[in-house]
2 protein chains.
Amino acid sequence: MTTRTETLPALAEVFREHGYAGTSLALISAATGLGKGSLYHLFPGGKAEMAACVIEEIDAWFEANLYRPLREQDPPERAISKMFESVERYFRSGRRVCLVGVLALGTSRDLFAEAVRSYFVRWVDALAVALRRVGHNDAASAALAEEIVAQIQGAIVLARALDEPALFTRALATLRSRVATAAG
Amino acid sequence: MTTRTETLPALAEVFREHGYAGTSLALISAATGLGKGSLYHLFPGGKAEMAACVIEEIDAWFEANLYRPLREQDPPERAISKMFESVERYFRSGRRVCLVGVLALGTSRDLFAEAVRSYFVRWVDALAVALRRVGHNDAASAALAEEIVAQIQGAIVLARALDEPALFTRALATLRSRVATAAG
DNA sequence: CCATCTTTGTACCGATCGGTACAAACCCGC
DNA sequence: GCGGGTTTGTACCGATCGGTACAAAGATGG
């Protein structure tokens, strides 16, 4: 007996690796060790439902581990610092791709438009709240938050393209120091 | 009679829209108006060759319109400014995706690893050269160049995710002013 | 106007796609 | 250990995949 939640990490990894279009049921079956029977028992909606569940879990993880602390945790500086730590760990120093980012670039964006949108809106907003709590004015917070999230996404692209994970770590360090000096 | 070069723009658009895995010969046929016969006549290597040709053309375009000016054109400030203009236009204010970036995120990266790597390495390097020519020291130039290219890629992701092209334009404006003030 | 060579549409190939049907294997309360 | 509901493997579906074969159609040189 296998539960949905147990399969989600493997599912997520497959979707990250191959994108939505590139992920076949054969790949999913291999990655999870489950036959089609089990897969369609767990996810009657097929591939689309699997992807939706994966996104939902990712979203929940970010909400609990990043967004909420950014909005609520004191001191905000610490929440921001934790965010960078979590991001570094979650994306495996740029070796792991952001599934939501990948979906945003593809045609599959239409299928998951609202989830993709919400993920990024809430990330940017939560970060802006934290920056405001640190002492920035509204406009600067919003702008910097946008810039930071974009920089993280871009660093993933670049780190993968150059096959140079250090670039990702470096980008995060730069962002950290930028937040620190801007806050001073 | 149709030449290879004539089909490349349509081909590029399809690959951008659907990614490598998501692009089927049926889509290609529809986008180019060419049957399989013609397609395989022009590109005996099939899908892989088509994508390779598209990348090559994109690469050549960036080399001629961005990289070379960044390295050679005087004054460098003008070359950098032109780069931002070209990027804004080329990526249609973030409505159009960067194919090379998309490939970098997917499994197809392996197929085109060297081309993808070279595209970004040369972009970063050319921009670093320009920044050095403006007066930055070596380390600062390299770091800023990396940051700018990553920011552009990330802004594309974010602009698409939020369906908000203005975000892309805004990101470019911020980068411009950052280059300007850093240069002062 | 014909012979030749290039370009194109179409029919077809085996493989694989996402998805369904369903019976065997399994687990459970009893 | 037996009956009933759940979980799973497998065979199969039509559609589509990337790619090939090939003959009709178009252009080209004489």
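If A:PRO9 satisfies every condition in (1) within 13 Å of DNA strand D (Cβ to nearest atom); (2) surrounded by fewer than 16 Cβ atoms within 10 Å (Cβ to Cβ) but one, which is the exception?
Going through (1) within 13 Å of DNA strand D (Cβ to nearest atom); (2) surrounded by fewer than 16 Cβ atoms within 10 Å (Cβ to Cβ) one by one, A:PRO9 breaks only (1).
A:ARG16 passes all but one of (1) open to solvent by 60 Å² or more (accessible area, probe 1.4 Å); (2) of a type in the set (D, E, K, R); (3) within 14 Å of chain B (Cβ to nearest Cβ); which number fails?
(1)
How many residues does the stretch B:100-122 contain that are in a helix (DSSP H, G or I) and either open to solvent by less than 10 Å² (accessible area, probe 1.4 Å) or within 7 Å of chain A (Cβ to nearest Cβ) (or both)? So that I can check it myself, show each step before the final result.
Step one: filter the stretch B:100-122 for residues in a helix (DSSP H, G or I), giving B:100-105, B:107-109, B:113-122.
Cutting the leftovers down to either open to solvent by less than 10 Å² (accessible area, probe 1.4 Å) or within 7 Å of chain A (Cβ to nearest Cβ) (or both) gives us B:100-105, B:107, B:109, B:116-117, B:119-121.
Of the residues in the stretch B:100-122, 13 are in a helix (DSSP H, G or I) and either open to solvent by less than 10 Å² (accessible area, probe 1.4 Å) or within 7 Å of chain A (Cβ to nearest Cβ) (or both).
Out of curiosity, is B:ARG68 away from DNA strand C (no atom under 16 Å from the Cβ), open to solvent by 30 Å² or more (accessible area, probe 1.4 Å) and assigned to a loop (DSSP other than H, G, I, E, B)?
No.
Output the number of residues of the stretch B:131-148 satisfying the condition of being free of Cβ contacts under 8 Å to residues at least 40 places away in the same chain, over 11 Å from A:GLN151 (Cβ atoms) and in a helix (DSSP H, G or I).
Final tally of qualifying residues: 8.
Within the stretch A:77-99, which residues are crowded, with 24+ Cβ neighbours inside 10 Å and either at positive phi or in contact with a strand residue (DSSP E or B) (Cβ under 6 Å, 6 or more places away or on another chain) (or both)?
Within the stretch A:77-99, A:GLY94 is the sole residue that qualifies.
Any chance you could count how many residues in the stretch A:19-52 are in a helix (DSSP H, G or I) and open to solvent by less than 20 Å² (accessible area, probe 1.4 Å)?
The qualifying residues number 6.
So, in the stretch A:123-177, exactly how many residues are open to solvent by 60 Å² or more (accessible area, probe 1.4 Å) and at the interface with chain B (Cβ under 8 Å from one of its Cβ atoms)?
2
The values are calculated or read from the model by the stated rules, or taken from the named source; none is laboratory data. Model, not experiment: these values are computed from the prediction. Glycine gets a Cβ as well: all are built from the backbone with ideal geometry, and neighbour counts include every protein chain shown. SASA here: full protein model, heavy atoms, side chains in, ligands and nucleic acids out. Shrake-Rupley method; radii C 1.70, N 1.55, O 1.52, S 1.80 Å.
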